[in-house]
Amino acid sequence: MIVLPEYPKLLQIEPTNKCNFSCSMCLNAYGNSENYFLSLESLQQIAEDVFPHIEKLVLYGFGEPLMHPDFMEMLQISRKHLPSGSSITFTTNGSLLDKDKIDLIVDNQLADEIVLSCDMLLDDEIQPELHTLDKRNVRGNLEYLIEKNFEKNIRIGIQTVLMKSNVDEIENIIRKFGLMGIDFISVSHIYPFFENLQEEVLYTMITKEALIILEENRSNWKEIVLGVSKEKFAEKMQETYKQFYSRKEHIKPKERPYSEIFDEAQAKAKEKDVSLNISLYVRDMERIKDLYDMEKSFNKYEQVAKETNIELILPTILPDFLERQCPYHHANAAVIRSDGSVVPCFKYLWDHKSYLNDHERINSSYSFGNILQDSFQHIWHSDKYQKFRSKMDKMNKSIPYCGDCGLSSNNCFYAIEDTSDCWGNEPFCSECPYSLNLTKCIM
């Protein structure tokens with residue numbers, strides 16, 4: 001019997017989904033159909049009912065929090081109702097974090113952690129729409145924040161998205177912010193919201209356990225995939241048109257090439273309780289080869305971080321199936337969207353497309369209820385939400401995984417557009433890079 005908590009420990013609230021940037025790797029580059037701003041009345045109600053029971057409040061979503069006209073008041077309300085020892089974090093692009101706001105925040109301890117997004121140090125003509133230190137007023141605002149926060153009452157962090165366009169810059173980014181006195185830098189792989197971003201991805205969704213088996217026969221898989229396909233087709237054609245052959249007695253089924261290798265690999269996969277997505281492996285071969293070099297790069301990043309005394313939080317290089325878990329459930333977290341909807345996680349805030357496992361997927365936002373029509377407590381304890389959280393308690397046993405499944409890369413209905421997975425679970429969490437520590441949220 002799983003005992004579910006009375007309240008979440010962490011509550012993430014999206015103040016607004018509106019942003020003043022249009023970064024090429026963000027959903028806001030596509031544009032939402034409507035902008036929402038969570039009202040102060042709604043926040044006040046949540047603050048009175050829920051804040052006394054939580055340990056951490058995170059204020060950010062797909063929008064820029066400081067675009068909310070009452071954001072500073074939201075911080076004041078939050079601080080007033082949170083218990084002693086609880087913390088407030090918000091993430092910002094830094095452009096609107098001016099001197100007056102910084103003075104108010106630092107002087108009144110309205111935040112415990114401020115995270116700025118930065119993916120490049122300098123503006124880039126090739127990638128003009130990224131978070132950069134030189135964009136608008138970001139550098140000046142950050143330098144003033146560091147100066148004002150000389151007593152170190154607020155942790156200052158940087159959030160960086162790792163992709164092909166900036167992989168050579170990461171070392172410089174770590175060194176720069178370490179020397180500036182930043183407390184930590186959190187690096188996340190890119191989540192491909194758009195088709196062109198597939199080329200920016202520096203990871204595979206094939207798990208480490210499956211990859212070990214696939215790599216044993218690296219040189220043969222292309223021939224296996226093509227050979228088996230051709231032989232199956234030839235056999236089917238022979239069977240179908242057998243009556244047209246004049247010498248039927250000489251037609252014998254052909255032995256499929258490498259069938260023993262294929263069977264052995266499948267047997268090993270079954271022992272490890274994983275599947276083999278051979279199609280994705282063949283397509284990802286060159287990328288996978290580069291991932292082994294990525295480990296050397298990560299070691300260098302950690303060395304630079306140690307030299308400059310900055311905490312470095314890195315994503316996984318190769319996903320580990322045994323470590324798969326929902327980061328929101330693990331943190332006992334809930335998320336409230338800027339329109340009042342209570343959603344499972346950051347990924348399900350808004351409708352979007354994704355391009356993982358070599359296919360397009362239509363992801364519809366998912367809500368357990370809305371605080372404008374119902375109390376948060378009632379939504380949190382609803383059968384629907386409790387059933388979801390119970391399944392997340394043992395994710396690998398309750399939720400199938402698409403990355404190692406060959407069907408997901410070959411037009412599987414569930415992987416492409418269905419709201420549930422092939423085991424009937426809603427929402428669809430079977431292809432989540434956040435569960436594998438590939439993509440990361442500040443939590």
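Condition first: within 13 Å of residue 56 (Cβ to Cβ), part of a loop (DSSP other than H, G, I, E, B) and either of a type in the set (Ser, Thr, Tyr) or out of contact with any helix residue (DSSP H, G or I) (no Cβ under 8 Å at 6 or more places or on another chain) (or both). Now tell me which residues in region 87-119 satisfy that.
Once the filter is applied, which keeps residues that are within 13 Å of residue 56 (Cβ to Cβ), part of a loop (DSSP other than H, G, I, E, B) and either of a type in the set (Ser, Thr, Tyr) or out of contact with any helix residue (DSSP H, G or I) (no Cβ under 8 Å at 6 or more places or on another chain) (or both), region 87-119 yields only 112.
Please verify whether region 300-307 includes one or more residues that are of a type in the set (Val, Ile, Thr) and modelled with pLDDT of 90 or more.
yes
Which ones in region 403-437 are charged (D, E, K, R) and farther than 10 Å from residue 357 by Cα?
Result: 417, 418, 421, 426.
In region 383-404, how many are in contact with a helix residue (DSSP H, G or I) (Cβ under 8 Å, 6 or more places away or on another chain) and of a type outside the set (Ser, Thr, Tyr)?
Number of matching residues: 10.
If you scan region 373-399, which residues turn out to be farther than 26 Å from residue 193 by Cα and touching a Ser or Thr at 6+ places or on another chain (Cβ under 7 Å)?
391
Listed residues 159, 127; which is at pLDDT below 90, crowded, with 16+ Cβ neighbours inside 10 Å and within 25 Å of residue 314 (Cα to Cα)?
127
Looking at this structure, is residue 387 closer than 20 Å to residue 418 by Cα, charged (D, E, K, R) and surrounded by fewer than 17 Cβ atoms within 10 Å (Cβ to Cβ)?
Yes.
If we keep just the residues of region 390-443 that are of a type in the set (D, E, K, R), open to solvent by 20 Å² or more (accessible area, probe 1.4 Å) and part of a loop (DSSP other than H, G, I, E, B), which is nearest to residue 93 (Cα to Cα)?
440
Take the residues in region 52-65 that are surrounded by fewer than 22 Cβ atoms within 10 Å (Cβ to Cβ) and under 18 Å from residue 14 (Cβ atoms), then tell me which one is farthest from the chain's Cα centre (by Cα).
54
For the list (1) in contact with an Asp or Glu (Cβ under 8 Å, 6 or more places away or on another chain); (2) charged (D, E, K, R); (3) within 27 Å of residue 8 (Cα to Cα), I need the number of the one condition that residue 323 fails.
The single condition residue 323 does not satisfy is (1).
It is to be established whether one or more residues within region 7-18 are touching a Leu at 6+ places or on another chain (Cβ under 7 Å), among the charged types (D, E, K, R), touching a residue at least 12 places away in the same chain (Cβ under 8 Å) and open to solvent by 10 Å² or more (accessible area, probe 1.4 Å).
Scanning region 7-18 turns up no residue that is touching a Leu at 6+ places or on another chain (Cβ under 7 Å), among the charged types (D, E, K, R), touching a residue at least 12 places away in the same chain (Cβ under 8 Å) and open to solvent by 10 Å² or more (accessible area, probe 1.4 Å).
Residue by residue through region 181-217, note down the ones that are open to solvent by less than 40 Å² (accessible area, probe 1.4 Å) and free of Cβ contacts under 8 Å to residues at least 60 places away in the same chain.
181, 217
Out of curiosity, is residue 182 modelled with pLDDT of 95 or more, of a type outside the set (S, T, N, Q) and either under 27 Å from residue 437 (Cβ atoms) or in a helix (DSSP H, G or I) (or both)?
In short, yes.
Failed condition for residue 380, given (1) touching a helix residue (DSSP H, G or I) at 6+ places or on another chain (Cβ under 7 Å); (2) in contact (Cβ under 8 Å) with a residue 40 or more places away in the chain; (3) crowded, with 20+ Cβ neighbours inside 10 Å; (4) hydrophobic (A, V, I, L, M, F, W, C), with all others met?
Among (1) touching a helix residue (DSSP H, G or I) at 6+ places or on another chain (Cβ under 7 Å); (2) in contact (Cβ under 8 Å) with a residue 40 or more places away in the chain; (3) crowded, with 20+ Cβ neighbours inside 10 Å; (4) hydrophobic (A, V, I, L, M, F, W, C), residue 380 violates only (1).
Tell me yes or no: at least one residue of region 307-314 is in contact with a strand residue (DSSP E or B) (Cβ under 9 Å, 6 or more places away or on another chain), open to solvent by 10 Å² or more (accessible area, probe 1.4 Å), among the charged types (D, E, K, R) and farther than 22 Å from residue 27 by Cα.
Within region 307-314, one or more residues are in contact with a strand residue (DSSP E or B) (Cβ under 9 Å, 6 or more places away or on another chain), open to solvent by 10 Å² or more (accessible area, probe 1.4 Å), among the charged types (D, E, K, R) and farther than 22 Å from residue 27 by Cα.
The values are calculated or read from the model by the stated rules, or taken from the named source; none is laboratory data. Computed from a predicted model, the values in this text were never measured in an experiment. All Cβ positions, even for glycine, are placed from backbone atoms using ideal geometry, and neighbour counts span all protein chains on display. Just the protein is used for accessible areas: all its heavy atoms, side chains included, with ligands, DNA and RNA removed. Shrake-Rupley method; radii C 1.70, N 1.55, O 1.52, S 1.80 Å.
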